Amino acid sequence: MAIAQLDQTTAPHVLLADVAAALAAEGDIVRKCMHVLDHVTRATGAGECSLWLVTPQGLVVAARAGTAATPAAELAPLLESGDVEQGPLVVRRLVAGGRRLGALVLRIEGGVPADVVTAFSAIAHMLAPALAWAEQSRAFVAEADQRARQLDEERRLIHQVVDSLPVSLYVVDRDYRITVWNRKREAGSQGVSREQALGKTLFEILHRAPAEKLRRELDEVFRTGRMQQFNMETRATGEARTYRITKIPMQAAEGEPFSHIITIGEDVTELTATSERIERTEQLAALGQLATGAMAEVASPLQSIAEAAETLTQSLDELAREGATVPDHATDAARTTVREAARCRGIVGTLLEFAHAGDGERAVFEVGTVIEQALALLRPLPVFAPLATQVFFDPDVPKVQASPAQLRQVVMALLQNAAEAMDAKGTLTIRARSGTDPREAVIVEVIDEGRGIPRSELRHIFEPFYTTKGPGRGTGLGLSICHSIIARHGGRIEVDSAVGAGSTFRILLPGAPIP
Ligand SMILES: Nc1ncnc2c1ncn2[C@@H]1O[C@H](COP(=O)(O)OP(=O)(O)OP(=O)(O)O)[C@@H](O)[C@H]1O
Ligand SMILES: [Mg+2]
């Protein structure tokens, strides 16, 4: 509370009015009391005077006119004393609700006139409850302050929670106004800052869909009170991503109308892609089984066709030799049948051999042989046709003890990947050399001049189902199978890659035990 600073010429009634003003903060009643005292003082023409309000916290008001002064030290005992009327001094205790709240002290040089004492006593009497009230209201204010601080903290905590969620989230009210907008919604090139979003209608901020559609979506949730979920494709960040959008109706309490809707957006691109791939792989596996069964069924009629065609060709040749007229197109047709049937048998044979490659019986052999086999099988494929291939075998490469079928599968998978990365140009190199470490005595490298693998992709390529090839083109299983086959053989696979320059896949295997 301000302490009234007055000079010596200040008239007592001005002094009291100022004290009243200073005390006004303690309640309107104080000012009224002082007003009364002011009148009384003026009426009695009192001389120099001083006035103090002392509380346990110290001197709250000290005001004086003229030279009269009482040092604070002298006032302290007055707080403890009873009511005093002694020469120039009048002391009145301030008691409210049985509690001692302080003392009001008046000093008028030359004695305090009797009516001033009366008025002063009345003031003290009324000031006490005012002080008590002020004290209480201070407590209320402090409590209100604390509540406000608590609320602030709670609000901050909720903001932090909402901001820490790995999803984007916003909340709208019944008027479609945005009341919560989390940090994740601020991120990205299309992000909108919280300051911009809060208080605006959703339609002013979100432009992913026409306002009418957004409004219909929200109205539906408000009307039914049921959560809604759907997937949404977007290219907002430049690349295609899938978001799962969930709209949750919110009500203040059970039975009350829904007041807000929480909308959550989760990036489920990877999840969706993985489940699609698993589905595709399952389909492929089922198809593979079907195909293997079908191949086995086809193999024997194919054999009969080949034999029948052979017999037919020989018979036609014989008839011709005996002078019969055999039309050329009949001979050609029989020969074509023989040739194509042989080709079909070749394909069926290879496929059946592949289907049974899983049994993994081990043998000791030179890796060069499986590399040659793999190349022989792959070269006719269109993806290899435009490529130049070169093969280097160091003569001192030790033999391996491995499943030839499985190792061939690995080399083929690596060659296939290499060719697919090269986009029909450049040279594909396969190299077999010996390593210095006996546990890695055999090294096979498949070196391409393809697109290379970005660092961010490198750590994923051996994961099952990881593929960058379009739907239906890659299962993403090639490298993960390679990895597990090589690991089962006690070896490992390494990759060096530079984007735009090419990749080297390196298989390191132990040599076969020396007999
Ligand atoms: N030589 C390479 N050059 C560039 N990228 C490669 C190469 N080899 C593999 N990759 C990357 O690694 C991913 C995973 O390869 P992986 O062989 O496991 O599956 P895939 O080739 O996509 O499918 P699948 O082998 O089942 O046909 C590929 O999609 C490709 O992005
Ligand atoms: Mg592959």
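The values are calculated or read from the model by the stated rules, or taken from the named source; none is laboratory data. Since we're looking at a predicted model, the values are computed, not measured. Every residue, glycine as well, gets a Cβ built from its backbone with ideal geometry; the counts of neighbours run over all protein chains shown.
Just a few scattered comments:
- Total residues in segment 143-188, condition over 16 Å from the mean Cα position of the chain (by Cα) and over 22 Å from ASP219 (Cβ atoms): 16
- Selection status of ARG433, basic (Lys, Arg), surrounded by fewer than 21 Cβ atoms within 10 Å (Cβ to Cβ), modelled with pLDDT of 90 or more and more than 26 Å from GLU279 (Cβ to Cβ): yes
- From the list ALA501, ALA487, the one residue that fits, being surrounded by fewer than 18 Cβ atoms within 10 Å (Cβ to Cβ) and either polar (S, T, N, Q) or in contact (Cβ under 8 Å) with a residue 24 or more places away in the chain (or both), is ALA501.
- Selection within segment 318-363 - at positive phi and at pLDDT 85 or above: GLY323
Residue by residue, here is whether (1) acidic (Asp, Glu); (2) near ligand 1 (Cβ under 8 Å from one of its atoms) holds:
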| residue | (1), (2) |
| --- | --- |
| ALA419 | no, no |
| ASP423 | yes, no |
| CYS482 | no, yes |
| VAL499 | no, no |
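- Meets criteria (in the same structural domain as GLU74 (by TED's automatic domain parsing) and in a helix (DSSP H, G or I)) for ALA103: no
- Qualifying residue in segment 427-440 (condition: within 16 Å of ligand 1 (Cβ to nearest atom) and assigned to a loop (DSSP other than H, G, I, E, B)): no
- Odd one out for ALA418 among (1) surrounded by fewer than 17 Cβ atoms within 10 Å (Cβ to Cβ); (2) in contact with an Asp or Glu (Cβ under 9 Å, 6 or more places away or on another chain); (3) at pLDDT 95 or above: (1)
- Which listed residue is farther than 21 Å from ARG362 by Cα, within 14 Å of ligand 1 (Cβ to nearest atom) and modelled with pLDDT of 95 or more, from THR504, THR467, THR475: THR504
- Leading residue by the ranking (surrounded by the fewest Cβ atoms within 10 Å (Cβ to Cβ)) among those in segment 251-284 that are among the hydrophobic types (A, V, I, L, M, F, W, C) and more than 23 Å from the chain's Cα centre (by Cα): ALA253
- Total residues in segment 441-469 satisfying the condition of being free of Cβ contacts under 8 Å to residues at least 24 places away in the same chain and either under 30 Å from GLY511 (Cα atoms) or assigned to a strand (DSSP E or B) (or both): the figure is 4.
- Any hit, segment 118-130, residues being surrounded by 11 or more Cβ atoms within 10 Å (Cβ to Cβ) and not in a helix (DSSP H, G or I): no
- Neighbours by Cβ (under 9 Å, 6+ apart or cross-chain): first from segment 274-288, modelled with pLDDT of 70 or more; second part of a helix (DSSP H, G or I): none
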